[in-house]
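Novice: Have a look at this one before I ask anything.
The values are calculated or read from the model by the stated rules, or taken from the named source; none is laboratory data. Only a predicted model underlies this, so the values are computations on that prediction, with no experimental measurement involved. Note that each Cβ is placed from the backbone with ideal geometry, even for glycine, and that neighbours are counted across all protein chains shown. Accessible surface areas use protein heavy atoms only, side chains included; no ligands, DNA or RNA. Shrake-Rupley method; radii C 1.70, N 1.55, O 1.52, S 1.80 Å.
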Amino acid sequence: MWVAAILAIIAGVVSAAGALYQGQQTKKAANYQANANAALNKMNADTAQQQAAFDAEQTRLKNKRMLGAQRAAYSASGLDPDSGSALEVQQDSATEGELEALTAIYTGRSSANASNARARFGLVQAKMEGNAAVTGSYISAGGSLL
C-alpha cells in the first residue's frame, strides 16, 4: 500500500518536473526563434536602406545625363541653355529628378522602419509566449503534484 502511494508521489514529482522543463524549453525556443527573426528583419532593414541609397544615386546619375542631353539639345538648336524657358525646363527636370531620388530614399526608410518594427514586435511576442509557457508549466506542475 505504501509502495503505491510512494510511486504515485514519485510519478507526480516527475510529471511536475517534466512540465516545468517543457515550459522552460518552450520559452528558450520562442526566444531563439524571435532573435533569429529579429536578426533577419534587421538585415532586411539594412538592405532596404542600402538599396534606397543605391536607387537614389542611380536616379541622380540618370537625371544628370538627362540634363546634359537637354543642354546639348538646346545649344544645338541655337537656344541659350542658361536663360529663359530652356533654363526653366532644366530646373524643373532637376527638381523632378531630385524628388525621385528622395522618394527612393523615403521608400527605403519606410521599408527599413517596417522591418525594424517587425523585429521589435517579434521579440515582445516571443517574450510573452515564453512567459505564458512558463506560467502554464507551473500550473501543470502544480496540478501534477496535487
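Novice: Once R0 is set to 25 Å, what does the formula 1/(1 + (r/R0)^6) return for the Cβ-Cβ distance between Ile105 and Ser85, expressed as a FRET efficiency to the nearest 0.05?
Specialist: 0.25
Novice: In debye, nearest 20, what is the charge dipole magnitude of the chain about its Cα centre with +1 on Lys and Arg Cβ and -1 on Asp and Glu Cβ, if you could check?
Specialist: Dipole size: approximately 880 debye.
Novice: Counting Lys and Arg as +1 and Asp and Glu as -1, what is the net charge of the other residues whose Cβ lies under 12 Å from the Cβ of Gly130?
Specialist: +2
Novice: For the stretch 26-81, place one equal point scatterer on every Cα, skip the solvent, and apply the Debye formula. What is log10 of I(q)/I(0) at q = 0.13, 0.25 Å⁻¹?
Specialist: Computed log10 I(q)/I(0) values: -0.57, -0.90.
Novice: Further question on the same structure: In Å, what is the Rg of the alpha-carbon atoms in the chain, and how long is Dmax?
Specialist: 31.9, 114
Novice: For Phe121, tell me the accessible area in Å² from a 1.4 Å probe, rounded to the nearest 10.
Specialist: Near enough 130 Å² of accessible area.
Novice: List, in order, the whole-Hz ³J(HN,Hα) value for each residue of the stretch 103-120 obtained from phi through the Karplus relation with A = 6.51, B = -1.76, C = 1.60 and θ = phi - 60°; use x for Gly and Pro.
Specialist: 5, 4, 5, 4, 4, x, 5, 4, 5, 5, 4, 5, 5, 5, 5, 4, 5, 5
Novice: In the Gaussian network model of the chain, springs joining C-alpha atoms below 10 Å, which of Ala119, Ala45, Ala11 carries the largest mean-square fluctuation?
Specialist: Ala11
Novice: On to the next question. Kindly write out, for the stretch 95-100 in residue order, the coupling ³J(HN,Hα) from the Karplus curve 6.51 cos²θ - 1.76 cosθ + 1.60 (θ = phi - 60°), rounded to whole Hz, with x marking Gly and Pro.
Specialist: Taking θ as phi minus 60°, the curve returns 5, 4, x, 5, 4, 5 Hz for the stretch 95-100.
Novice: Keeping all protein chains in place and using 1.4 angstrom, which order do Ile6, Ile105 fall into by accessible surface area, from largest down?
Specialist: Ranking Ile6, Ile105 by accessible area, largest first, yields Ile6, Ile105.
Novice: Listed highest first by mean packing, meaning other Cβ atoms within 10 Å per residue, what order do 81-87, 111-117 come in?
Specialist: Highest mean packing first, the order is 111-117, 81-87.
Novice: How much length, in nm to one decimal, is gained on full extension between Tyr21 and Ala76, taken as 0.36 nm per residue of separation minus their Cα-Cα distance?
Specialist: 11.6 nm
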